1. Quick one: what pairs do we get from the stretch 225-241, first residue farther than 22 Å from residue 76 by Cβ, second within 13 Å of the ligand (Cβ to nearest atom), C-beta under 8 Å, 6+ apart or different chains?
2. Which one is nearest to residue 165 (Cα to Cα) among residues in the stretch 81-106 that are away from the ligand (no atom under 15 Å from the Cβ) and assigned to a strand (DSSP E or B)?
3. Please enumerate the residues belonging to the stretch 207-216 that are at pLDDT 95 or above and away from the ligand (no atom under 13 Å from the Cβ).
4. When the stretch 133-152 is examined, which residues are found to be surrounded by fewer than 22 Cβ atoms within 10 Å (Cβ to Cβ), in contact with a helix residue (DSSP H, G or I) (Cβ under 7 Å, 6 or more places away or on another chain) and in contact (Cβ under 8 Å) with a residue 60 or more places away in the chain?
5. Tell me the strands (runs of 3 or more DSSP E) entirely within the stretch 250-340 that contain at least 1 residues that are in contact (Cβ under 8 Å) with a residue 60 or more places away in the chain and under 24 Å from the mean Cα position of the chain (by Cα).
6. Pull up the stretch 21-62, narrow it to residues that are part of a strand (DSSP E or B) and out of contact with any helix residue (DSSP H, G or I) (no Cβ under 7 Å at 6 or more places or on another chain), then point me to the one that is farthest from residue 115 (Cα to Cα).
7. Does residue 126 satisfy being over 20 Å from residue 59 (Cβ atoms), buried (at least 19 other Cβ atoms within 10 Å of the Cβ) and touching a residue at least 40 places away in the same chain (Cβ under 8 Å)?
8. Please specify each residue of the stretch 63-80 satisfying the condition of being part of a strand (DSSP E or B) and more than 16 Å from the ligand (Cβ to nearest atom).
Ligand code: IVH
């Protein structure tokens with residue numbers, strides 16, 4: 001991962017979304033908007049429901065239809081120039097399709113790594129004695145910020161386009177039109193976005209997406225409701241750092257605190273010996289968890305993760321639960337095994353891994 005990317009100042013700040021954790025909060029949001037819009041809201045207030053991707057927001061600038069500059073979100077005002085890296089992502093057109101060439105168009109979206117690609121990448125990292133990535137988001141971030149773009153190119157990153165910034169045109173009359181327009185220009189957009197006639201339908205869409213979540217090949221952490229009409233978005237405007245016309249209905253955290261009762265060794269397909277924590281049974285979004293992955297021995301030793309430690313366990317969208325943080329370290333010391341528990345063979349340390 002490189003230092004020293006050039007800075008890019010966003011011409012329009014990249015903002016954040018207000019969050020809601022309950023249906024009551026989103027109903028209150030809907031009521032507030034209907035009040036603010038006054039009479040015009042007698043026509044129903046439609047929402048475009050989109051997934052809230054757990055990836056990295058990027059800005060993509062096109063001049064006369066050609067991709068010229070791309071940046072990370074950074075602090076929202078200034079990001080890093082990762083143009084060369086973004087050019088390796090298939091979901092980002094180098095020129096807008098249909099010969100469309102407005103003087104200026106900035107498309108925004110989320111870069112992510114599919115879970116299946118993440119698993120493969122970690123396997124390769126492990127075989128090469130390199131550090132594994134903790135989750136697909138970190139892997140995507142590490143892959144994007146590389147001075148050697150051939151590394152980025154090899155990582156199969158994806159993008160979903162969902163917004164625009166500075167532009168010499170408005171790409172449609174509604175958010176759903178804009179997404180269709182992005183697709184026509186060659187960007188990937190998510191097929192699960194849906195226009196809902198009112199907030200009850202939107203909450204229903206949220207529940208359906210929550211059910212689909214575990215089966216998706218990428219991480220999401222909620223559903224975003226956006227007022228579909230762009231003229232109404234303009235009327236509603238912004239409060240501090242967020243648009244008033246959108247809200248992120250987050251999923252409940254799939255995280256819980258528990259205690260490590262034992263540490264077992266799991267022998268992987270490639271012979272890697274992974275530490276697994278046997279924990280006090282804990283409920284992680286509906287399922288009882290008794291075993292969590294502790295990632296690798298380097299981490300176990302560095303964090304003083306011994307029997308008796310209190311840890312926070314985490315699961316993202318149905319994948320294997322894993323250690324997120326050590327809340328209170330245990331006492332004593334844990335040593336990597338000296339022999340393979342399966343075949344009794346010798347072991348070798350490669351980076352943080354024991355093989
Ligand atoms: S719209 C002003 N749509 O959420 C809002 N953002 O908290 C502009 N995000 O930094 C963003 N999925 O990284 C929008 N469907 C979606 C999104 C989304 C994920 C992220 C984005 C942004 C953060 C805002």
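1. 228/47; 228/48; 228/175; 228/176; 232/245
2. 105
3. The first filter runs over the stretch 207-216 and keeps only residues at pLDDT 95 or above, leaving 207-209.
Of everything in the stretch 207-216, those that are at pLDDT 95 or above and away from the ligand (no atom under 13 Å from the Cβ) turn out to be 207, 208.
4. 146, 149, listed by residue number.
5. On the way: elements: 255-267, 273-284, 287-293, 310-314, 322-328.
Result: 255-267, 310-314, 322-328.
6. Step one: of the stretch 21-62, the residues part of a strand (DSSP E or B) are 47-53, 56-62.
Subset that is out of contact with any helix residue (DSSP H, G or I) (no Cβ under 7 Å at 6 or more places or on another chain): 50, 52-53, 57, 59, 61-62.
Values: 50: 19, 52: 16, 53: 13, 57: 18, 59: 23, 61: 28, 62: 30 Å.
So the residue we want is 62.
7. Values: over 20 Å from residue 59 (Cβ atoms): yes; buried (at least 19 other Cβ atoms within 10 Å of the Cβ): yes; touching a residue at least 40 places away in the same chain (Cβ under 8 Å): yes.
Yes, satisfied.
8. Let us first name the residues in the stretch 63-80 that are part of a strand (DSSP E or B), namely 63, 66-72, 78-80.
Of everything in the stretch 63-80, those that are part of a strand (DSSP E or B) and more than 16 Å from the ligand (Cβ to nearest atom) turn out to be 63, 66, 67, 68, 69.
The values are calculated or read from the model by the stated rules, or taken from the named source; none is laboratory data. Source: prediction; values computed, not measured. Ideal geometry is used to build each Cβ from the backbone, glycine not excepted, and the neighbour counts take in all protein chains shown.
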